[in-house]
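> Below is a structure I'd like to ask you about.
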Amino acid sequence: MNDDMILGINGLGRIGKLTLWHQIARKQFRKIVVNIGREVGTSLADLAHYIERDSTYGALRTYLYGHRGEPVIHKIDENSATIVIDGLPVQFLRTARNPREIEWYDNGVRLVVDTTGQFLDPTIPADHPKGSVRGHIDAGADKVIVSAPFKIKDKGKPIPEDAVTNVMGINDNTYDPRRHTIISNASCTTTCLAHMIKPLINNFGAKKILSASMATVHAATGSQQVLDRLPQTGKTDLRKNRSVMNNIILTTTGAAKALSLVIPEMANIGFIAESVRIPATSGSLIILVVNLQESMDGEPIRREAINTVYRRTAEEDPNQYLHYTEKQNASCDIVGGPKAAAIIEGHETHTRTAEVTIDLETISGIDSKLLNSFQEHVIRVPVTQAVIYGWYDNEMGSYVQMLGDRTATIAEQS
């Protein structure tokens, strides 16, 4: 426990609530202050009711102590707006929605985790009337961790020097406590994807990866609708207004853009990322397809070679962020499971090696003298296509655990 630090959490949606669970279990901070920005139900007891049970992960007491766990909420104080949860005081703020107006300073909060998904542009000034992530700094925080990728509305603006995007176990060492005040923890999909692609780069080299693509088969999120409804004014994605319970829905993901922020080598690799939402509450899957250039005089890259890369990486990972398994899993098997950014299902890894024929005469920029020096104007390059499956619990088991580790390490360096 850090006896000198109080943690602030802004928002109590899916990630906010599960972050609260995680921090109660971790007990790194002596107190947690949660900003909701509005009244909940009719009393603080209604808020406690929401916190102590979850439709996906069960009861909080079971999460903390197993099925024999006793109730963990022992005191609800309406006057101080405080609930004691498993011995840890959690105070709730219910008046301000704008980060700049939240009483972080008055409550001794120096580190804030913003889980609202509303304040993602670090270039917007703190006094913007609609709020800004920088408002947390004006309100008294020293550091802010955002539980989503940055989204800069003005595409011409770069990411500010005091902001950084991190994925634990990939580039968390780029965080500089003297310089960075706003930290994006990327997304659940980017986190899993980074831990799937990084071992391949480390083993084969970025230059051998000719192209890559991924599709995430993703559980539902709060942005979707339970039943069909009219889209809001100006909304262009009509599919998110269709019933989440009845449909497979095509949507988008920013994983490709965010990936190059945490793995710079990806900027030189052709990469496409797609997303499909399915009727599940949690538990998602990335299907990664990578095209690798073979060595002309070497053995083709086979399935076992790919699996060996992941198996060894998992064995050597001191944080155990990457898991490797030969078991045949279904999505519910990884919900709430191990603290893993990605769980590689080696049983389903596939490879296929073939020759790609390239006609040099069709490639612009080749000097004619150089072209004529070749006896053959057609070359054949051996390429292996590998298909790799990686599971991730997009809520608790993967993302919230990784967010918790990022919060812990920043707190320790503050």
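The values are calculated or read from the model by the stated rules, or taken from the named source; none is laboratory data. For clarity, every value in this text was computed on a predicted model and none was experimentally measured. Cβ sites come from the backbone with ideal geometry, for glycine too, and all protein chains shown count toward neighbours.
> Just the residues that are touching a strand residue (DSSP E or B) at 6+ places or on another chain (Cβ under 7 Å), farther than 30 Å from Ala386 by Cβ and in the same structural domain as Ser282 (by TED's automatic domain parsing), please, taken from the stretch 179-237.
Answer for the stretch 179-237, where residues must be touching a strand residue (DSSP E or B) at 6+ places or on another chain (Cβ under 7 Å), farther than 30 Å from Ala386 by Cβ and in the same structural domain as Ser282 (by TED's automatic domain parsing): Gln224, Gln225, Val226, Leu227, Asp228, Asp237.
> Select, from Gly169, Gly156, the only residue that is out of contact with any helix residue (DSSP H, G or I) (no Cβ under 6 Å at 6 or more places or on another chain), over 23 Å from Val33 (Cα atoms) and at pLDDT below 95. If you could, list the steps in order and put the result at the bottom.
Details: Gly169 fails: at pLDDT below 95.
The unique qualifying residue is Gly156.
> A follow-up question, please. Starting from residues that are touching a helix residue (DSSP H, G or I) at 6+ places or on another chain (Cβ under 8 Å) and assigned to a loop (DSSP other than H, G, I, E, B), keep the ones in the stretch 129-149 and report whichever is nearest to Arg110 (Cα to Cα).
Taking the stretch 129-149 as the starting set, the residues that turn out to be touching a helix residue (DSSP H, G or I) at 6+ places or on another chain (Cβ under 8 Å) are 131-136, 138-139, 143-145, 147, 149.
Narrowing the set further to residues that are assigned to a loop (DSSP other than H, G, I, E, B) leaves 131-134, 139, 147, 149.
On the way: Gly131: 19, Ser132: 17, Val133: 14, Arg134: 13, Ala139: 10, Ser147: 17, Pro149: 22 Å.
The selected residue is Ala139.
> Out of everything in the stretch 213-232 that is buried (at least 16 other Cβ atoms within 10 Å of the Cβ) and in a loop (DSSP other than H, G, I, E, B), what residue ends up being farthest from the chain's Cα centre (by Cα)?
The residue in question is Gln224.
> Please go through the stretch 171-212 and give me each residue that is closer than 19 Å to Asn268 by Cα and in a loop (DSSP other than H, G, I, E, B), ordered by number. Explain how you work it out, then say what you get.
Going through the stretch 171-212, the residues closer than 19 Å to Asn268 by Cα turn out to be 171, 190, 193-212.
The answer is Asn171, Gly205.
> Let me ask something additional. State whether the residues of the stretch 266-284 include one that is in contact with a helix residue (DSSP H, G or I) (Cβ under 6 Å, 6 or more places away or on another chain), surrounded by 16 or more Cβ atoms within 10 Å (Cβ to Cβ), among the polar types (S, T, N, Q) and closer than 23 Å to Leu193 by Cα.
no
> Does the stretch 20-28 contain any residue that is within 25 Å of Ile137 (Cβ to Cβ) and of a type in the set (D, E, K, R)? Lay out the reasoning, then the answer.
Keep residues of the stretch 20-28 that are within 25 Å of Ile137 (Cβ to Cβ), which gives 20, 22-23, 26, 28.
Next, from what is left, pick out any that are of a type in the set (D, E, K, R): 26.
Checked against the condition, which is being within 25 Å of Ile137 (Cβ to Cβ) and of a type in the set (D, E, K, R), the stretch 20-28 yields at least one hit.
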